[in-house]
Amino acid sequence: MAASLGFRGAASGLWYWSGRRRPVASLAAVCSRSMASKTPVGFIGLGNMGNPMAKNLMKHGYPLILYDVFPDACKEFKEAGEQVASSPADVAEKADRIITMLPTSMNSVEVYSGANGILKKVKKGSLLIDSSTIDPSVSKELAKEVEKMGAVFMDAPVSGGVGAARSGNLTFMVGGVEDEFAAAQELLRCMGSHVVYCGAVGSGQSAKICNNMLLAISMIGTAEAMNLGIRSGLDPKLLAKILNMSSGRCWSSDTYNPVPGVMDGVPSSNNYQGGFGTTLMAKDLGLAQDTATSTKSPILLGSLAHQVYRMMCAKGYAKKDFSSVFQYLREEETF
Ligand code: NAD
């Protein structure tokens, strides 16, 4: 479904930023150790983030049961000897710990509650961790349904981007029953360097929504400042260096700079392919908007950022990384 709706961040044939193109031979070798001693973990949604996250579980010796609606996403895992399931229900039949990493609330609902969803076959006592960024109210609803089946649901959205997913340095924001946190941590520690308990189910999503609203705003700010400097005749690399030793420094300027050629290994230096799709950022800002309405919170810049990324989606940037806001601004000239 996600593919047809255009949520896929990285089509096949992209550069190494999308983990899908990495060679699998060495991966299989790394994963052979201690596999027998660990029970299988289900993983559903092997896109830009899910792919490297699943690989980190493999590196820690967990055998995987995988599913993605886009069959090619599972191909390299199958070649590395992992089991590919025929549906989320099939994953639930074979594994009692499952991680989902899907684009939107709608996709999570389908994977959990759909005709062939996890809930059709979930075993009592299973631990289900949703790392997708979705509406906190949807997480709460899913948790209720899961609880009725005698299993446990936790929301655990992530921050850090594809680079952190690959290096195992994600930050997980976890919501759910505190007694289950240790069990979730065992798996999440394989993929992240920070695993933070946030409170009741849905609170991980709330934290993630705040973070991404700030990121969306700071990326636009970085892109505007870089564009202004370049049009004033400054060298982009020099300007980035100055910002990064000054008070304007932020993650968007020093780790994920939006200007092509300023940094290696980021989407801006590869025509904004891979990374975090503009559609996904627009989705997260929509979640921030809903939360702001329900909590009566003013989010002036968050709302403006939402409109910017929505306009970008309508103007051909939907599948590009969200840092392409720099390119979008470059195409605009004002009086
Ligand atoms: P993606 O589009 O690259 O991957 C999503 C995967 O889910 C795809 O392979 C797709 O085929 C699969 N999928 C969709 N619907 C499905 C279904 N019904 N059943 C099975 N598989 C299905 O997205 P991504 O960039 O990996 O992001 C995933 C989630 O992580 C999103 O919620 C996003 O907001 C969040 N996130 C992304 C980043 C990032 O940098 N990309 C960073 C932090 C958080």
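For residue 272, the criteria (1) in contact (Cβ under 8 Å) with a residue 60 or more places away in the chain; (2) crowded, with 19+ Cβ neighbours inside 10 Å hold in every case but one, which is (1).
Considering only region 93-106, state which residues are near the ligand (Cβ under 10 Å from one of its atoms) and in a loop (DSSP other than H, G, I, E, B).
The first filter runs over region 93-106 and keeps only residues near the ligand (Cβ under 10 Å from one of its atoms), leaving 100-106.
The answer is 101, 102, 103, 104.
Residues that are of a type in the set (A, V, I, L, M, F, W, C) and closer than 18 Å to residue 281 by Cβ were ranked within region 105-162; the one that is most open to solvent (accessible area, probe 1.4 Å) is 106. As a summary of the residue check, residue 201 satisfies the conditions (1) in a helix (DSSP H, G or I); (2) among the aliphatic types (A, V, I, L, M); (3) more than 18 Å from the chain's Cα centre (by Cα) except for the one numbered (1). Look at (1) open to solvent by 20 Å² or more (accessible area, probe 1.4 Å); (2) in a helix (DSSP H, G or I); (3) away from the ligand (no atom under 16 Å from the Cβ) and you find that residue 184 fails only one, number (1). Among the residues of region 224-238, none qualifies, meaning not one is hydroxyl-bearing (Ser, Thr, Tyr) and surrounded by 14 or more Cβ atoms within 10 Å (Cβ to Cβ).
Would you point out the residue of region 163-177, among those that are closer than 20 Å to residue 257 by Cβ and without any contact (Cβ under 8 Å) to a residue 60 or more places away in the chain, that is surrounded by the fewest Cβ atoms within 10 Å (Cβ to Cβ)? Walk me through how you get there before you give the answer.
Filtering region 163-177 for residues closer than 20 Å to residue 257 by Cβ gives 163-167, 169.
Those still in the list that are without any contact (Cβ under 8 Å) to a residue 60 or more places away in the chain too: 164, 167, 169.
Details: 164: 21, 167: 13, 169: 15.
My answer is 167.
I need the full set of residues from region 64-92 which are away from the ligand (no atom under 15 Å from the Cβ) and either surrounded by fewer than 18 Cβ atoms within 10 Å (Cβ to Cβ) or in a strand (DSSP E or B) (or both), in order please. Residues satisfying the conditions are 79, 81, 83. Looking only at region 301-318, decide whether some residue is assigned to a loop (DSSP other than H, G, I, E, B) and touching a Gly at 6+ places or on another chain (Cβ under 7 Å). Within region 301-318 (the criterion being assigned to a loop (DSSP other than H, G, I, E, B) and touching a Gly at 6+ places or on another chain (Cβ under 7 Å)), the answer is yes, since at least one residue qualifies.
You will find that of 323, 253, 297, 247, the residue that is closer than 30 Å to residue 136 by Cα, open to solvent by 20 Å² or more (accessible area, probe 1.4 Å) and modelled with pLDDT of 95 or more is 297 and no other.
The values are calculated or read from the model by the stated rules, or taken from the named source; none is laboratory data. None of the values given here were measured: they were computed from a predicted structure. Cβ sites come from the backbone with ideal geometry, for glycine too, and all protein chains shown count toward neighbours. To get the accessible areas, we keep the full protein, side chains included, count just its heavy atoms, and leave off ligands, DNA and RNA. Shrake-Rupley method; radii C 1.70, N 1.55, O 1.52, S 1.80 Å.
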